1. Full extension from residue B:59 to residue B:175: what is 0.36 nm times the residue separation minus their Cα-Cα distance, to one decimal in nm?
2. Using only the alpha-carbon atoms, how far is helix B:156-181 inclined from the longest principal axis of chain B? Give it as 0 to 90 degrees, nearest 10.
3. Using Cα pairs under 8 angstrom and six or more residues apart, how large is the relative contact order of chain B, in percent?
4. For peptide A:56-62, how many partner chain Cβ atoms fall within 10 Å of a residue's Cβ, on average?
5. Would you calculate a helix-derived [θ] at 222 nm for the protein assembly as shown, using -39,500 (n - 2.57) for each DSSP H run of n ≥ 4 and dividing by the full residue count, to the nearest 500?
6. Using alpha-carbon positions, what is the distance between the centroids of the range A:56-78 and the range A:36-51, in Å?
7. Any chance you could give the angle, 0 to 90 degrees and rounded to 10, that helix B:120-144 forms with the longest Cα principal axis of chain B?
8. For the pair residue B:133 and residue B:45, how long in nm is the line joining their label points, each one 7 Å along Cα→Cβ?
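Throughout, read-outs are computed from the coordinates displayed, never taken from laboratory work. Note that this is a predicted model, so its numbers are computed, not measured. For neighbour counting, all protein chains shown are included, and Cβ atoms are generated from backbone atoms with ideal geometry for every residue, glycine included.
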């Protein structure tokens, strides 16, 4: 585990992709998504529920995910999210974009200009 | 998990209660409940888990601000927490008692003035049976859960006005039907029954002001 937690600003722009990625494996309800993020990040990053709900509302508005009410549990009905075909396409696109950006940013921030010489 | 509900409802105060907002609240409540259950399973006490779950939510205001605010905060309706089954039992007993007494009195006067035929006794019996059943069901509800606390709106004026309007309307229709059918004078129990219903509003107002029925107000983030 890192001493300093990852700046959430760096991650915020990718929350949609993270959520789409988690949903591409299976349908999940809100708290489950947050829990998976914590697990995947080894406790280094915590996705707050309000942030998730905002993202889910946005993604649903764009038609990338859809939601449905699941079975009754102790606290009431759970709302599940599922990825749409449109969402899978967007996820692949975002993933490719991210990989390209990562390679590019790696080069840029290393300050290594040997190739230029 | 009442505390979770209070917390969520409180966070959404001042937001228009659209179906969308109610669904968001329902989702939050279910998710928070799952989180608390998880923490309890990890060995936390219920109170501790509740505090941790709510604290980890962070700031709800960004999410809440995405929803349409309530147009104008409506004039606050005075409310009071009351022991509802106890109150209802008293209200119904008094109202049904008064209604039954009036009916009994009218029958006697009617029989004496020869306005009501002897057959009216049967309808009277039926009406009294309804009164008894009404009181009995209130009593059973009270016995089953004597300490239920419910927050009631203290808007008796409007309710009484509505009840009187309904009573007048129903009585008028019954009277017209009675005249049109040219049969016995059978509509008076309907007058009395409708009046009894309107009476419940006044009786409840009277009782609701008595300390005996007032419950402590539920507090927000208290233990469930």
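1. Stretched out fully, the residue B:59 to residue B:175 stretch lengthens by 35.6 nm.
2. Tilt of helix B:156-181: around 40 degrees.
3. 31 percent
4. What the average comes to for A:56-62 is 1.
5. One gets -21500 deg cm²/dmol as the mean residue ellipticity at 222 nm.
6. The distance from the Cα centre of the range A:56-78 to that of the range A:36-51 comes to 19 Å.
7. Helix B:120-144 and the main axis of chain B meet at about 20 degrees.
8. It works out to 5.1 nm between the two label points.
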